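Just below is one structure, and these are the notes that go with it.
Just so you know, all these numbers are worked out from the coordinates, no wet-lab data involved. Since the structure is predicted, the reported quantities are computational estimates derived from the model, not experimental observations. Don't worry about glycine lacking a Cβ; one is built from the backbone with ideal geometry, like all the others, and counts go over all protein chains shown.
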Amino acid sequence: MRVPLHLVERRREELRGLIRRDGFLPVAEICRRLRVSEATARRDLSAIASDGRITRTYGGALADYNSSFAPPRERATRARSAKSRIAARAAALAPAAGVLFLDAGTTVHAVAREMLHRRSDFTGLSVVTNSLPVATMLGGASGLELHVLGGTFLHRQAILLGPDAIEALGRWRFDVSFLGGEAFGAQGVFNSHPEIAAFQQAVLRHTRRPCFCLDASKLGRSAPTRVADWAQAGTLVTDAPAARLAAAGVPLAPERLALAR
């Protein structure tokens, strides 16, 4: 029996809401929640993906990251001076040898650029990233062993994300990771989208020394999904003055602060 169009549209709007709330939903979970067949779930996903509000993945769908983020070029112009200072401070913390993870985001991209300026040869260092701009930046570096994680390509940010990227992390152990974020404060580091936070949390589980690179404009901002509290976050690399961090309730000992001046 053919389902009336208004009921189909109502179900698809509910599906949009579920994906926006959860960040990622596999097909099996969509079938369970909406009580539909796999064929119906896949038709619904194709229909709502066509308007750009979700990104289809193998076996499911991601929320509308591409529409909710500014393009990398636009984000790179924000707090440019602060990002350059943070990059210089962070690059000094990068290991000479071992395994380094570089996150997506314009601040970490600036870290990659600073590393290139400081070193003529990277023999002994492996870099893992899910960011195509970072991979492009470092791709020709002498002696560097570069690995790009597979996953769902999100064109507006030029990154790879999703369950495949998280699964690929399982093969790695990082000496240091440089990570970004959208907001930070007394309770830790936050991002807007659950799937990005889930990926970063997976990176933290595989990292001996994580470093969050966050400019002062993000201090006190709000974002819905916590990536890590300060017990998990490792070192904070920031241009925010120590007095301002203390006033905001960021509970970090001096040895866990790398202030960019």
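For residue 222 and residue 205 in the same chain, what is the full-extension length gain: residue separation times 0.36 nm, less their Cα-Cα distance, in nm?
3.7 nm
Mind giving me the FRET efficiency for residue 173 and residue 93? R0 is 25 Å, r the Cβ-Cβ distance, nearest 0.05 is fine.
0.90
Calculated FRET efficiency, residue 164 and residue 3, Cβ-Cβ r, R0 41 Å, to nearest 0.05?
About 0.80, to the nearest 0.05.
Taking other Cβ within 10 Å of each residue's Cβ, how do 129, 235 sort, fewest first?
Taking fewest neighbouring Cβ atoms as first place, the list is 235, 129.
Among (1) -0.67, -0.84, -1.15; (2) -0.44, -0.63, -1.26; (3) -0.53, -0.68, -1.16, which one is log10 I(q)/I(0) by the Debye sum over Cα atoms at q = 0.09, 0.11, 0.17 Å⁻¹ computed from these coordinates?
So the structure-derived entry is (2).
What FRET efficiency do you get for residue 38 and residue 187 if R0 is 41 Å and r is their Cβ-Cβ distance, rounded to the nearest 0.05?
Calculated transfer efficiency: 0.55.
Which length gain, in nm to one decimal place, applies between residue 242 and residue 13 when the Cα-Cα distance is subtracted from 0.36 nm times their residue separation?
The span from residue 242 to residue 13 would gain 77.8 nm if fully extended.
By per-residue mean of other Cβ atoms within 10 Å, what is the highest-first order of 95-107, 197-209?
Put in order of decreasing packing, that is 95-107, 197-209.
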